[in-house]
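Data block below; observations after.
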């Protein structure tokens, strides 16, 4: 299985995840998703849309002190992540 550097749902660098990554149903580490998006083999927000995810991530970045234009720039690639590919 391919190893990802970023969460394939929200785009967060997996090396910044305090838990290291999300987990599969058996409790093993999931190498695609972060612990904020994926736990015990399921998405924590299964019904969130791409637009809602981009907004959520942008707002979180701004809360952390990132300028709005930079947060917008960093979320532009969200649609290319595995979860959002059609």
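The values are calculated or read from the model by the stated rules, or taken from the named source; none is laboratory data. In this text the structure is predicted, and so the values were computed from the model without any measurement. Glycine also receives a Cβ, built like all others from the backbone with ideal geometry; neighbour counts cover every protein chain displayed.
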Could you list, in sequence order, all residues of the range 43-66 that are more than 17 Å from residue 77 (Cβ to Cβ) and exposed (fewer than 14 other Cβ atoms within 10 Å of the Cβ)?
-> 46, 47, 59, 63, 64, 65
Output for the range 4-45, where each listed residue is touching a helix residue (DSSP H, G or I) at 6+ places or on another chain (Cβ under 9 Å) and over 17 Å from residue 56 (Cβ atoms) = 4, 5, 20, 21, 31, 32
Would you pick out the residues in the range 71-86 that are crowded, with 16+ Cβ neighbours inside 10 Å and either in contact with a strand residue (DSSP E or B) (Cβ under 7 Å, 6 or more places away or on another chain) or free of Cβ contacts under 8 Å to residues at least 24 places away in the same chain (or both)?
-> 71
Residues of the range 17-28 being surrounded by 18 or more Cβ atoms within 10 Å (Cβ to Cβ) and part of a loop (DSSP other than H, G, I, E, B), which ones?
-> 21
Given the structure, is residue 68 modelled with pLDDT under 95, touching a strand residue (DSSP E or B) at 6+ places or on another chain (Cβ under 8 Å) and more than 21 Å from residue 84 (Cα to Cα)?
-> no
Of the conditions (1) at pLDDT 95 or above; (2) closer than 15 Å to residue 12 by Cβ; (3) not in a loop (DSSP other than H, G, I, E, B), residue 45 clears all except one; give me its number.
-> (3)
Among (1) surrounded by fewer than 20 Cβ atoms within 10 Å (Cβ to Cβ); (2) within 17 Å of residue 75 (Cα to Cα); (3) free of Cβ contacts under 8 Å to residues at least 40 places away in the same chain, where does residue 14 come up short?
-> (1)
